[in-house]
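S.K.: Sending over a structure as structure tokens; questions will come in a sec.
The values are calculated or read from the model by the stated rules, or taken from the named source; none is laboratory data. Here the structure is a predicted model, which means the values were calculated and not measured. Glycine gets a Cβ as well: all are built from the backbone with ideal geometry, and neighbour counts include every protein chain shown.
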Amino acid sequence: MANDGTTAATDGTATGSGDTARSLELLWGGGERPSRGPKPGLTLDRIVTAAVAVADAEGLSAVSMRRLSTELGTGTMSLYRYVPGKAELLDLMLDRVLGEPLPAPREEAAEAAGTDRTDATGPGAPDWRAAVDTMARSYLDNLRRHPWLLKINQARTVLGPSALRGLELALGGLRGMGLRDPELIGVIITVNSFVEGLARTQADAAEAVRQTGLSDEEFWDRQRPYLERAMLSGAYPMMATMAEDTFSADFDHFEFGLRRLIAGFEALVRERAEAGTTA
């Protein structure tokens, strides 16, 4: 356990692992400290907002009670009247950003999926294809705005009202699929896992550039002579016959993967509708 109360894993991820009861009190409105003592105008909301801003700009490691006290122009001990420590603060930060509202489903999402805005599973039901598209794009945008989320172990997130509101919005958009409740959660997990994997790859690539000072082009140019000899050796016949643009940065892996996910879900929904085995 780090000295700030968070728990760091060997892979660099972290989890709050603080006082769950206190985090829940703070998240659900029962734990705000009275104004007695701290600098006037200091609130839990201001503290969380400042913490998220620091994490967005400099990474999660830059967030500390001392740093926040400087940002907010108050004494460090004043912060502890509102939140016990960084572990509990992390729970509040997660709820803040995970609950960022989903926008309305995009019109072009329905067009890309080859469908209209009304789902066949019921009159007036939202187009779940557009909802999946919107959910994926919104989560990717969220991870890009808050890259520190990729460093957080969210397997046991302390759920607050904002995170639940985000989940409620996501489920509402998927209700037209006609799947069982565990399957709807499965859809969300599948989409989020796909997005997280792609976002992590992009973040890792950017971090590699920062750490080494080498651009992607420079990195691969250094390997080119060795790879060309390997391809000519005959030991890798499949790779040797691949097209020149196989690894082109112009190929949109997000669009490709998302379209395939939606097509797979659509096949399941159609199968259930034909069999009459909807939820």
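S.K.: Among the listed residues Val269, Val195, Val209, identify the single one that is in contact with a helix residue (DSSP H, G or I) (Cβ under 9 Å, 6 or more places away or on another chain), free of Cβ contacts under 8 Å to residues at least 12 places away in the same chain and either among the hydroxyl-bearing types (Ser, Thr, Tyr) or surrounded by 13 or more Cβ atoms within 10 Å (Cβ to Cβ) (or both).
M.R.: Criteria check complete, one pass: Val209.
S.K.: Which of the following residues is surrounded by 11 or more Cβ atoms within 10 Å (Cβ to Cβ) and over 30 Å from Leu26 (Cβ atoms): Phe256, Phe219, Phe247?
M.R.: Sole residue among the options that is surrounded by 11 or more Cβ atoms within 10 Å (Cβ to Cβ) and over 30 Å from Leu26 (Cβ atoms): Phe219.
S.K.: May I pose another question? Which ones in segment 161-182 are buried (at least 17 other Cβ atoms within 10 Å of the Cβ) and over 16 Å from the mean Cα position of the chain (by Cα)?
M.R.: Once the filter is applied, which keeps residues that are buried (at least 17 other Cβ atoms within 10 Å of the Cβ) and over 16 Å from the mean Cα position of the chain (by Cα), segment 161-182 yields Gly173, Leu174, Arg175, Gly176, Met177, Gly178, Leu179.
S.K.: Hey, Thr201 hits all of (1) out of contact with any helix residue (DSSP H, G or I) (no Cβ under 6 Å at 6 or more places or on another chain); (2) more than 19 Å from Ala249 (Cα to Cα); (3) hydroxyl-bearing (Ser, Thr, Tyr) but one; which does it fall short on?
M.R.: Here Thr201 clears every test but (2).
S.K.: Considering Leu198, Leu164, which residue is out of contact with any Ser or Thr (no Cβ under 9 Å at 6 or more places or on another chain), part of a helix (DSSP H, G or I), within 30 Å of Val63 (Cβ to Cβ) and at pLDDT 95 or above?
M.R.: Matching residue, one of Leu198, Leu164: Leu198.
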